[in-house]
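Engineer: I'd like to ask you about the structure that follows.
Read-outs throughout are calculated quantities, based only on the coordinates presented, and are distinct from any laboratory measurement. None of the values given here were measured: they were computed from a predicted structure. Virtual Cβ from ideal backbone geometry, glycine too; neighbours counted across all protein chains shown.
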Amino acid sequence: QVQLVESGGGLVQAGDSLRLACAASGRTFRNDAMGWVRQAPGKEREFVAAIGVSGGDTYYKDSVTGRFTISFDNAKNTVYLQMNSLKPEDTAVYYCATRLYYISTNAGEYDYWGQGTQVTVPS
């Protein structure tokens with residue numbers, strides 16, 4: 001059974017950094033595309049970033065490009081999201097998600113989800 005467990009959220013000031021982590025278990029993930037999706041209050045879930053585990057290719061939402069970096073540690077089966085220069089508009093619950101084979105920028109195409117971790121950046 002696939003399990004994704006996020007950690008690392010919190011309350012930070014604008015301009016600060018946070019690193020989110022998502023520990024994956026239950027099967028091998030070498031054929032997966034793993035991503036981060038966020039949901040702000042009153043809004044739909046939106047794609048943030050994704051990585052192809054085998055090839056290391058990455059994709060980002062335009063508004064986080066240059067500020068966020070996604071990576072995967074094969075030894076720990078953990079995907080990270082390093083978030084720098086945080087802005088109030090980054091405030092959301094951040095979810096880790098995974099799907100087989102191909103990266104998707106459509107949040108609805110991911111098959112397994114973690115429970116989410118809150119990131120708050122006050123204005």
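Engineer: Assign unit charges at the C-beta atoms only (+1 for Lys and Arg, -1 for Asp and Glu), then state the dipole size of the stretch 25-111 relative to its Cα centre in Debye, rounded to the nearest 20.
Structural biologist: Value, rounded to 20: 160 debye.
Engineer: Using the charge dipole of the stretch 1-77 (Lys, Arg: +1 at Cβ; Asp, Glu: -1 at Cβ; taken about the Cα centre), state which of N31, T69, G15 has its Cα farthest towards the positive end.
Structural biologist: Farthest towards the positive end: N31.
Engineer: On to the next question. Based only on Cα atoms, what mean projected area does the convex hull of the chain have, in nm²?
Structural biologist: 6.8
Engineer: Order of 78-85, 91-98, 35-42, 1-8 by packing, highest average Cβ count within 10 Å first?
Structural biologist: 91-98, 78-85, 35-42, 1-8
Engineer: Would you list which lysines come within 29 Å of K43, measuring only between C-alpha atoms, while excluding same-chain residues fewer than 8 positions from it?
Structural biologist: Those lysines meeting the cut-off are K61, K87.
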